[in-house]
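The values are calculated or read from the model by the stated rules, or taken from the named source; none is laboratory data. All of these numbers come straight from a predicted model, not from anything done at the bench. Positions of Cβ are backbone-derived with ideal geometry, glycine not excepted, and every protein chain shown enters the neighbour counts.
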Amino acid sequence: MLLAKLTKRAELLAATRHFFNSRGVLEVNTPVLAPAGSTDPLLDSFITQLEGGSVLPQQLYLQTSPEFYMKRLLAEGSGPIYQLGSCFRNGELSQRHNPEFLMLEWYRPGWNLTELEAECCALVDALLGAASYQRMTYRQAFIDYVGLNPFTASLAELRQTCVAVSAIAAEQLDRDACLDLLVSHVLEPALKALNRVILYEFPANQAALAQIHPDAYGNPVASRFELYVNGLELANAYQELTSASEQAARFAADNAQRLALGKPQVTADAKLVAALEKGLPDCSGIALGFDRLIMLARGAASLDEVQTFSAYRW
């Protein structure tokens, strides 16, 4: 059993490297420690302290994603790059989450989301076998499966629906929290029956580090997509934000939201902002949870079944 687990992981890693090497995408490695972390209010970082030797004591964050370092490489002219490496997120432990996990992340300068989507599907087909993909907007998915338009429904309607589908007291939930709950309790189970689904045009306040554009109805939406396989969120892609001033503003807004939620402030990455000022090429980028892909390849029900040592077996 152990040998089969190790062998399958090694085979998928080798196949992934072959896929990108054959397409001229350069493998890179970036640090997992940094003096700045993710300000995302929905993520919590592990924090440690650098001490001793010839350096001053310094707080460091274990990286929740290699994104910031990889964008600095892109700004220096790296060209298309990918990375397979460990990422760390505090407070995340379930069948689908582990505090340490393997992430596949890649960036394509000069590409749009349509081109990146095609490459993402080609990779998944190469690793999991070919299948058809359905595309739907976030708006249409909510209308079809939740029965609400996520852009026009009132907060009261969203909270009422959250209570109906989850029995969770939703009176204090804000709009984003309601939408996230409805995704996990209604949308993801519905998508499971559709096998492979590309969900796109998320609300603009869920843009994270993506650009924003108007949809066909005039709603501001994030230029991003997520790939779901059997109801499991596998990959998240952005048309990357390139504006330094907008990036700095989003960092500040994130920390303001963290403060409102009673969460600690996170040191924003000033070097990423500087890299954007220098000039990040127009590009699309995507992060794929590699342990989740292994789950799908093996027909496993949890990350614990496919990780060498999950947090349940430290």
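Starting from region 246-263, take each residue that is in the same structural domain as A36 (by TED's automatic domain parsing) and free of Cβ contacts under 8 Å to residues at least 40 places away in the same chain and list its partners that are assigned to a helix (DSSP H, G or I) and of a type in the set (A, V, I, L, M, F, W, C), counting only C-beta distances under 9 angstrom and pairs at least six apart or across chains.
Pairs found: E246/L276; Q247/L272; Q247/V273; Q247/L276; A248/A270; A248/V273; A248/L276.
Go through region 243-308 and tell me which helices (runs of 4 or more DSSP H), entirely inside it, have 2 or more residues that are under 30 Å from E11 (Cα atoms) and modelled with pLDDT of 95 or more. Step through it out loud before you land on a result.
Values: elements: 244-260, 270-279, 290-298.
Because the criterion is at least 2 residues that are under 30 Å from E11 (Cα atoms) and modelled with pLDDT of 95 or more, the helices (runs of 4 or more DSSP H) in region 243-308 that meet it are 290-298.
List pairs: first in region 216-230 and touching a residue at least 60 places away in the same chain (Cβ under 8 Å) and closer than 14 Å to V197 by Cβ, second of a type in the set (S, T, N, Q) and outside any loop (DSSP other than H, G, I, E, B), Cβ under 9 Å, 6+ apart or cross-chain?
Qualifying pairs under 9 Å: F225/N236; L227/N236.
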